[in-house]
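*Asks:* Attaching a single structure in structure tokens format; questions to follow.
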Amino acid sequence: MDLDTERLIALDKRFSWHPFTQMADWCAPGHEPLVLVEGKGAVLTDSRGREYLDGNASIWTNVHGHGHPKIVEAIREQAGRLAHASFLGTTNVPATLLAERLVSLFPEGGLSRVFFSDDGSTAVECAMKMALQYRQLVGEGERCEFVAFDGAYHGDTFGAAALGGIGAFHARFERFSGLAVRRCGALEDLPEDGSKIAAVAIEPLVQGANGMRMWPEGMLRGLREWCDRSGAHLILDEVMTGFGRTGTMFACEREGVVPDFIALAKGLTGGTMPLAATLTSEAVYGAFLGKFEEMKTFFYGHSYSGNPLGCAAALASLEVFEEEGVIAGLGAKIERLGEGLVRLRDAHPAVTGIRQCGMIGALDLGGLDWRDRTGARVCEAARAHGLLTRPVVDTLVLMPPLCVTVEEVDGMVGALGSAIADVLEK
Ligand SMILES: Cc1ncc(COP(=O)(O)O)c(C=O)c1O
């Protein structure tokens with residue numbers, strides 16, 4: 001591989017357009033982007049040979065660490081057999097096996113059908129379209145509105161973005177979506193009359209992009225009850241919370257809730273390949289069955305739906321969960337992360353709040369002007385201390401891969417503390 005860092009950076013600045021990035025800053029002469037070239041476990045290496053702890057699991061995707069041999073081998077083996085063939089008109093081995101495996105992760109009779117797509121946004125988009133079409137098919141076409149929550153983030157495609165409640169990302173496009181979305185701040189804001197509601201969408205337990213805001217305990221259960229009372233479907237967006245992030249395999253387990261739709265992506269492949277899945281119930285699926293000319297078909301899909309490489313990676317990742325007892329092994333790490341957050345709060349007056357849900361940790365830097373980009377500057381400073389992470393405005397996030405060791409958790413906490421001191425205490 002060509003590791004001429006200067007040249008790579010020049011090329012990147014000349015030709016690439018990065019997500020969620022002010023490219024004028026990115027391309028400024030003083031900015032030297034990291035060129036990542038390798039990953040092993042919770043450690044990433046850049047083109048200059050510098051190592052970093054992956055403090056946000058590569059934007060909340062990585063689960064078992066980078067380069068996990070079992071997942072690498074599964075992808076390699078599958079690539080040698082069949083990298084891709086259309087799931088439209090044919091099926092393939094790993095997708096078939098994965099669908100069965102995913103269904104088995106949920107209580108029997110709950111979620112029984114799996115629809116594959118490519119990323120978190122399309123998994124949510126797909127649930128929304130299924131929810132709307134279902135109502136039309138069962139003669140409830142008047143149920144055509146969604147309920148979504150303030151501060152929500154469900155992705156960037158138009159439908160998923162219409163459910164979003166973060167002004168900076170969503171306000172600009174809101175009026176173009178054409179979707180009717182009722183916005184709520186809390187359970188108490190849900191409408192008395194839910195008869196027009198097709199579905200409610202929520203990030204269970206934690207709103208990720210809203211600075212890791214935690215829902216009060218019991219909220220999810222309450223929401224399920226409201227949906228049952230009002231006849232609305234419940235869409236759980238477990239794109240971030242799924243696959244162990246909150247300490248259980250799925251966040252919904254924590255409140256004994258089974259949704260009507262669940263959107264999975266990010267950690268589905270252990271964080272190695274873009275693959276997503278929308279699971280739904282037999283009752284929803286059944287409404288789409290009929291003679292072709294009845295036009296009940298779900299006319300939705302993507303070229304890479306059911307991609308064999310992604311599905312092979314996901315199967316391997318689920319095997320690693322079992323073989324390595326990943327969920328059972330999280331307790332000590334979660335505790336260590338919690339202790340680290342408390343240490344940071346106690347040591348740095350700038351840290352005005354901490355939050356944790358399983359392997360998700362967040363620290364608020366209080367009383368700052370968002371335009372100063374303090375959170376981003378702290379995360380930039382953390383690189384010099386061997387930590388890579390991204391803030392949500394002035395909330396710092398520590399969300400390591402589940403494979404992280406307690407020593408690595410301490411290393412992340414120490415690096416973040418040094419970075420806070422560099423930026424705010426000098
Ligand atoms: C809860 C949630 N839903 C959906 C998405 C969108 O996923 P993707 O970026 O894979 O489209 C994200 C991404 O951060 C997310 O956190």
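*Asks:* Let's see if you can work this out: charge +1 on each Lys and Arg Cβ, -1 on each Asp and Glu Cβ, no other charges. What is the dipole magnitude of the stretch 70-323 about its Cα centre, in debye to the nearest 20?
*Replies:* Dipole of the stretch 70-323, to the nearest 20 debye: 480 debye.
*Asks:* If you wrap the chain's Cα atoms in a convex hull and average its projection over all directions, what's the area in nm²?
*Replies:* Mean projected area of the Cα convex hull: 21.5 nm².
*Asks:* Could you line up V393, V404, V93, V320 from fewest to most neighbouring Cβ atoms inside 10 Å?
*Replies:* Neighbour counts put them in this order, fewest first: V93, V393, V320, V404.
*Asks:* Further, regarding this structure: Using the number of other C-beta atoms within 10 angstrom as an exposure proxy, rank F146, F292, F169 with the fewest first. All intermediate terms of the calculation are to be shown ahead of the outcome.
*Replies:* Details: F146 23, F292 7, F169 15.
Listed from fewest to most nearby Cβ atoms, that is F292, F169, F146.
*Asks:* With the dipole of the stretch 34-166 worked out from charges on the C-beta (+1 for Lys and Arg, -1 for Asp and Glu) around the Cα centre, which of G159, C144, A95 lies farthest toward the positive end?
*Replies:* Checked the options; the winner is A95.
*Asks:* Using the beta-carbon distance between E217 and D369 and R0 = 22 Å, what value does 1/(1 + (r/R0)^6) give for FRET efficiency, to the nearest 0.05?
*Replies:* 0.10
*Asks:* Using a 10 angstrom cutoff on alpha carbons, build the Gaussian network for the chain and name the most mobile of A287, A314, A199.
*Replies:* Looking only at A287, A314, A199, the biggest GNM fluctuation is shown by A287.
*Asks:* Only residues of the stretch 279-301 count here: report those whose backbone N is under 17 Å from the spot 7 Å along Cα→Cβ of V138, or say none.
*Replies:* What the label zone holds, given the 17 Å backbone N cut-off, is 279-290, 296-298.
*Asks:* Treating only the Cβ of Lys, Arg, Asp and Glu as charged (+1, +1, -1, -1), what charge dipole size does the chain show about its Cα centre? Round to the nearest 20 debye. Don't skip to the answer; put the middle values down first.
*Replies:* Working: 39 positive and 56 negative charges, 115 e Å.
Once rounded to the nearest 20, the dipole reads 560 debye.
*Asks:* For the pair R355/A171, report the inter-label distance in nm, with labels modelled 7 Å from Cα in the Cβ direction.
*Replies:* 2.0 nm
*Asks:* Further question: How would you rank I9, I262, I420, going from fewest to most other Cβ atoms within 10 Å of each one's own Cβ?
*Replies:* Sorted ascending by nearby Cβ count, the order is I9, I420, I262.
*Asks:* Continuing with this model, one more query. Compute the FRET efficiency between R343 and E319 as 1/(1 + (r/R0)^6), taking r as their Cβ-Cβ distance and R0 = 25 Å, and round to the nearest 0.05.
*Replies:* FRET efficiency, R343 to E319: 0.10.
*Asks:* Which is farthest toward the positive dipole end of the stretch 237-294 among G256, V239, G267, measuring Cα position about the Cα centre, with Cβ charges +1 (Lys, Arg) and -1 (Asp, Glu)?
*Replies:* Checked the options; the winner is G267.
*Asks:* Grab the beta carbon distance between T91 and A421, set R0 = 45 Å, and tell me the FRET efficiency rounded to 0.05.
*Replies:* Computed FRET efficiency for T91 and A421: 0.20.
*Asks:* If each DSSP helix of 4+ residues adds -39,500 (n - 2.57) and the sum is divided by the residues in the chain, what number results at 222 nm, nearest 500 deg cm²/dmol?
*Replies:* Values: 14 runs with 152 residues, N = 426.
Here the helix-only value at 222 nm equals -11000 deg cm²/dmol.
*Asks:* Measuring from centroid to centroid over Cα atoms, what is the spacing of the stretch 23-42 and the stretch 165-185 in Å?
*Replies:* Going from one Cα centre to the other spans 32 Å.
*Asks:* A further question follows. Give me the distance in nm between label points sitting 7 Å out from Cα along the Cα-to-Cβ direction at A328 and V406, one decimal.
*Replies:* 1.8 nm
*Asks:* Nothing charged except the Cβ atoms of Lys and Arg (+1) and of Asp and Glu (-1): what's the magnitude of the dipole of the stretch 110-179 about its Cα centre? Round to the nearest 20 debye.
*Replies:* The dipole magnitude comes to about 120 debye.
*Asks:* Among the listed pairs K129/K296; K129/K196; K40/K70, which have their C-alpha atoms separated by more than 20 angstrom in this model? Mind dumping the intermediate values first?
*Replies:* On the way: K129/K296 13 Å; K129/K196 16 Å; K40/K70 13 Å.
In this structure, no pair lies more than 20 Å apart at Cα.
*Asks:* Give the percent of DSSP beta bridges with both residues in the stretch 70-323 that are antiparallel, rounded to the nearest 5. Walk me through the intermediate numbers first.
*Replies:* Numbers: 11 of 26 bridges.
Of the beta bridges lying entirely in the stretch 70-323, close to 40 percent run antiparallel.
*Asks:* Turning to a different aspect of this structure: Determine the gain in length on full extension of the stretch K296-M23; use 0.36 nm per residue of separation and subtract their C-alpha separation, reporting nm with one decimal.
*Replies:* Once the chain is fully extended between K296 and M23, it gains 93.8 nm.
*Asks:* Additional query: Note the full-extension length gain between R377 and R229 as 0.36 nm times their separation in residues minus their Cα-Cα distance, in nm to one decimal.
*Replies:* Values: separation 148, 0.36 × 148 = 53.28 nm, distance 4.71 nm.
Contour length minus the Cα-Cα distance gives 48.6 nm.
Read the figures in this text as sums done on the coordinates, not as results from a lab. Note that the coordinates shown come from a computational prediction; the quantities given were computed from them, not determined experimentally. Positions of Cβ are generated from backbone atoms using ideal geometry, with glycine treated the same way; all protein chains shown enter the neighbour counts.
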